[in-house]
1. Is there a residue in segment 314-333 that is in contact (Cβ under 8 Å) with a residue 40 or more places away in the chain, part of a helix (DSSP H, G or I) and over 21 Å from Ile48 (Cα atoms)?
2. Collect the residues in segment 142-160 that are over 13 Å from His73 (Cβ atoms) and touching a strand residue (DSSP E or B) at 6+ places or on another chain (Cβ under 8 Å), keeping them in residue-number order.
3. Can you name every residue in segment 313-336 that is out of contact with any Pro (no Cβ under 9 Å at 6 or more places or on another chain), closer than 15 Å to Ser283 by Cα and of a type in the set (Ser, Thr, Tyr)?
4. So Met261 clears everything in (1) in contact with a Pro (Cβ under 8 Å, 6 or more places away or on another chain); (2) closer than 20 Å to Leu10 by Cα; (3) among the hydrophobic types (A, V, I, L, M, F, W, C); (4) in a helix (DSSP H, G or I) except one condition, right? Which one?
5. Can you pull out the helices (runs of 4 or more DSSP H) entirely within segment 69-162 that have at least 2 residues that are at pLDDT 95 or above?
6. Mind telling me which of the residues Leu294, Leu276 ends up being crowded, with 16+ Cβ neighbours inside 10 Å and part of a helix (DSSP H, G or I)?
7. Of all residues in segment 6-35, which are among the aliphatic types (A, V, I, L, M), in a helix (DSSP H, G or I) and out of contact with any Phe, Trp or Tyr (no Cβ under 6 Å at 6 or more places or on another chain)?
8. Identify, from the list Thr99, Thr82, the residue that is over 23 Å from Lys57 (Cβ atoms), among the β-branched types (Val, Ile, Thr), in contact (Cβ under 8 Å) with a residue 12 or more places away in the chain and surrounded by 18 or more Cβ atoms within 10 Å (Cβ to Cβ).
Amino acid sequence: MAPASSNTSLPVTTGAVVQLYANHFQSLGAPVEKLLEQQAICPDRLEIPGLVVPLQKAFRFAELACQSLQAEHLALGLGLATSIQDFGSYGRRLQAAPTLGKYLEHATALFNIITTGERLSLSDCGNQIRLNIASPGEVGLGMHQSHLGIIGVTISVCRKVLGPSWSPEEVGFAYQSREKVPAVDLFSDSRIISGLPHSYISIPKRATAVRLNQHTGAADIEDQDTGRLPTTLTGLLETQIEALITAGAKFHVETVADSLMMSKRTLQRAIAYEGLNYFQLLSDVRLRKAMDWLDRSDKSVTEIALALGYTDVSNFSRAFRRHTGISPRAFRQAAS
């Protein structure tokens, strides 16, 4: 059987998002570290900026947390208690939206900054706007936690505009739960429908023009591609390697394969399908990181060489010159 192409999409989410859910589940009493390890998710790696986790593994972890506490709607409280700022660059860009309407537009357009595979979209439903939430794979309890978190955050933002007691007119869930949503005050006037193809929350169209902050200019997205997660396996591998290098962690092929919950052989076969190998990917990432550090940091050439895994500065300098035609020090002088 031919190996999968490295351009095959692997849905992922950022480790930072998984960490938000892990912290919340732990505060409720779930054995988070044990559950993460059951899914081969190293808790320490969640703290590495830029590292990603396969989405289905994140869903399974959330499902196990719910099962351990015998509850189906754990993440709704997370969404209500989480500030949009907690979502890193994604949250900061949403925070700049001057109106609720712009916030919703940016939330859907930039969702790829924190996850791939899941999708947010807007639809017009008369006097309401629907924020739709769709995820890949079979509907399950773990996926439901992701949808609950998004709905909770959205309710918090809407309440800044519509008042602290506002509840949506209608909420749809893809997951068919066996228990009632516990936060009754949130949905006291809401029509709740379950077992749908996707989840959604309805928002009054009239509210979209109300200002969220005091920005006077338009808050259009300057560069929609900045910060987006890669959707190809090759791109994800490069992302993982760079994140591990930046954090000073090991970045051997086994470590990178493990971080994406793949075997070393599967990873190597997928790369080979594109006519590449791990060493070539590693060399490309090392070069980009070296150029970035030489240009933007005060790290010495020796420090950079060791951080990139070279045994000594001579080996690093030869590799750098081979790729660029000049030495690291000459590159730094030219960039300054």
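The values are calculated or read from the model by the stated rules, or taken from the named source; none is laboratory data. The structure displayed is predicted, hence computed values, not measured ones. Here Cβ is always computed from backbone atoms with ideal geometry, including for glycine, and neighbour counts include all displayed protein chains.
1. yes
2. Ile150, Thr154, Ile155, Cys158
3. Selection gives Thr324 alone.
4. So the condition that Met261 fails would be (4).
5. 100-109, 141-162
6. Leu294
7. Scanning segment 6-35 gives Ala16, Val17, Val18, Leu20, Ala22.
8. Checking each option against the conditions leaves just Thr99.
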